1. Modelled label-to-label distance, N10 and L44, 7 Å Cα→beta-carbon offset: nm?
2. Take the chain, connect every pair of alpha-carbon atoms lying under 10 Å apart with a spring to form a Gaussian network, then pick out the residue of N41, N25, N53 with the largest mean-square fluctuation.
3. Students often get this wrong, so try it: which of [x] 46, 25, 16; [y] 39, 27, 24; [z] 30, 27, 25 is Cα extents along the principal axes in Å as calculated from the structure shown?
4. Enter the angle in degrees (range 0 to 90, nearest 10) between the Cα long axis of helix 66-80 and the first principal axis of the Cα atoms of the chain, meaning the one along which they spread out most.
5. So which residue, out of R47, R61, R71, gets the largest mean-square fluctuation from a GNM of the chain using Cα contacts under 10 Å as springs?
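Coordinate-derived values only; no laboratory data. Since we're looking at a predicted model, the values are computed, not measured. Note that we place each Cβ from the backbone using ideal geometry, even for glycine, and neighbour counts take in every protein chain shown.
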Amino acid sequence: MPLHVEVYINNTYLDGIHIGRTTNNSSDILPDSINTYTVVNSPLPPRSMDDWNNGIEFTHRYGDGALVCVRKAIEVLEESGNL
């Protein structure tokens with residue numbers, strides 16, 4: 001299930017990122033599993049595989065949680081110049 005982060009000030013939309021796990025095994029959700037994720041910077045969630053394929057990949061330890069995953073996604077977007 002993708003993770004969608006939208007940033008607003010009051011009712012004004014500023015930006016959004018969308019994160020999806022690209023590995024898909026039953027063992028991928030164990031706390032020590034290191035998974036590959038893709039992040040897309042877009043006002044709308046990706047609707048097709050082409051949209052996801054234009055994202056940037058990074059790795060994340062599943063047990064570190066969603067907020068660490070979001071931080072890593074922002075870091076790779078900043079490093080690539082896509083944020």
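1. Those two pseudo-labels are separated by 2.7 nm.
2. N25
3. After the calculation, the listed value that fits is [y].
4. Taking Cα atoms only, the helix is inclined about 60 degrees.
5. Comparing R47, R61, R71 in a Gaussian network model of the chain, the most mobile one is R47.
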